[in-house]
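The values are calculated or read from the model by the stated rules, or taken from the named source; none is laboratory data. Everything quoted here is computed from the prediction, not taken from an experiment. With ideal geometry, Cβ positions are generated from the backbone for all residues, glycine too; neighbour counts draw on all protein chains shown.
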Amino acid sequence: MAKEEISFCLEVWGTDYNKIKDACILAEDLGYYGFFYGESLADLDLDCWTVISALSSLTTKIKLGPVITYLLPQYRSIALIAKQAITLQEISGGRLELRTGAGATLQYANQWWYPYGIDYPEKGKRVSILNEAIHVLKMLLENNGSVSSIPSSVTFEGDYFKINGASFNKPAKKIPITIAAKKNQMMRIAAKYADIWESSYLSPTQFSSLNANFERLVTALKEGDDTYDHREILRSIELDVLIAESESELEYKKRIFAMERGPAVYNQILNNGLVGTPDNISKRIKEYTEAGINQFFLAFQDPFDFRALELFMHAVKGGVGESKYC
């Protein structure tokens, strides 16, 4: 995806594989750029890597990946993640995109890890783990900078990860890495390593301010590190979507959303989300792109509401057309 292009990606959860499969195939047909499935040990998901591997055989263009790739050493070997990524990049024809971040707050996320015997660290430690993990992962995925057809070995010993001469065949096409970050420490990691920097649940004005700060961090890296690769870092934002063809239908969907998610989340989505009829959604998208957004990472109220997926894409493409889901 070139920097000037605007892309739209779907964030999907759930355990009904047939619905997941149909949503992915439809998303590709409608022109969505990416389809990303949740990764969790809990019952709200199937196994992420199994699902996206299956989807890769049913699609040809759409990008695939986990909603978030967990890099916790207690959860999974960093070498195994690299092996899975390289394999999926091969079988999908170069369509994998890795997404990662420090994760949700300890108070919220511990419920998803504790039952499985995995300690979920406090924020400062999670950030340190992520910083080291991405460094190691890029060494493994990029073959330590080697341009030879013979894989070079990677040796590393840090505070959380250890590699004793591992080697993998370098993927034919680079695997882009998205890093979610809103605080300075995390944004520095994104500035150093990310191909795509993602923020979440911000208004266009809030994003513009945060983006200016991110630009300063990138500039400081360029000026202070002779080894910096001067890549272009795309800007992505995660937003919830509530779209309807009429104001009456929209009000009904708002009431359902408020009951399901609670007033605090509902008010946040109204202020910092994509909520409205197609014309309003189109205008809101323009505000975000004018603030510097290249990519939208979208969580629909119901990811299996196929009419909503279709309506949204018609809105951003500037036409309505005939629907199969009236």
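Just so you know, in region 158-187 the residues that are over 18 Å from the mean Cα position of the chain (by Cα) and charged (D, E, K, R) include one that is modelled with the lowest pLDDT, and it is Lys170.
Here is a yes/no grid of residues against (1) touching a helix residue (DSSP H, G or I) at 6+ places or on another chain (Cβ under 9 Å); (2) among the aliphatic types (A, V, I, L, M):
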residue: Glu245; (1), (2): yes, no
residue: Ala264; (1), (2): no, yes
residue: Leu298; (1), (2): yes, yes
residue: Gln301; (1), (2): yes, no
residue: Phe304; (1), (2): yes, no
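Conditions tested, residue by residue: (1) over 29 Å from Phe296 (Cβ atoms); (2) in contact with a Lys or Arg (Cβ under 6 Å, 6 or more places away or on another chain); (3) in a helix (DSSP H, G or I).
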site	(1), (2), (3)
Gln107	no, no, yes
Ser152	yes, no, no
Ile163	yes, no, no
Asn169	yes, no, no
Ile179	no, no, no
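I'd like to know if region 254-275 contains one or more residues that are in a strand (DSSP E or B) and not hydrophobic (A, V, I, L, M, F, W, C). There is no residue in region 254-275 that is in a strand (DSSP E or B) and not hydrophobic (A, V, I, L, M, F, W, C).
Within region 181-193, restricting attention to residues that are in a helix (DSSP H, G or I) and touching a residue at least 60 places away in the same chain (Cβ under 8 Å), the residue that is surrounded by the fewest Cβ atoms within 10 Å (Cβ to Cβ) is Met186. Taking Ala308 as the residue in question, decide whether it is of a type in the set (Gly, Ala, Ser), under 21 Å from the mean Cα position of the chain (by Cα), part of a helix (DSSP H, G or I) and crowded, with 19+ Cβ neighbours inside 10 Å. For Ala308, the condition - of a type in the set (Gly, Ala, Ser), under 21 Å from the mean Cα position of the chain (by Cα), part of a helix (DSSP H, G or I) and crowded, with 19+ Cβ neighbours inside 10 Å - is met.
Only a single criterion out of (1) among the small types (Gly, Ala, Ser); (2) in a helix (DSSP H, G or I); (3) in contact with a Ser or Thr (Cβ under 6 Å, 6 or more places away or on another chain) is not satisfied by Ala82, namely (3).
Contact map, region 42-61: residues that are within 11 Å of Ile20 (Cβ to Cβ) paired with residues that are in a helix (DSSP H, G or I) and not β-branched (Val, Ile, Thr), Cβ distance under 6 Å, separation 6+ or inter-chain. Pairs shown: Leu55/Cys24. Of all the residues in region 1-48, those that are surrounded by fewer than 19 Cβ atoms within 10 Å (Cβ to Cβ), in a helix (DSSP H, G or I) and either under 15 Å from the mean Cα position of the chain (by Cα) or of a type in the set (S, T, N, Q) (or both) number 1.
Remark: pairs (first residue in region 103-131, closer than 16 Å to Gly158 by Cα; second residue among the β-branched types (Val, Ile, Thr); Cβ separation under 9 Å; 6+ apart in sequence or on different chains) = Val127/Ile189; Leu130/Thr100; Leu130/Ile179; Leu130/Ile189; Asn131/Ile189.
Could you grab the pairs with beta carbons closer than 6 Å, sequence gap of 6+ or different chains, first residue in region 281-305 and under 25 Å from Gly38 (Cα atoms), second one of a type in the set (Phe, Trp, Tyr) and at pLDDT 95 or above? Listed by first residue and then by second, the contacts come to Phe296/Phe8.
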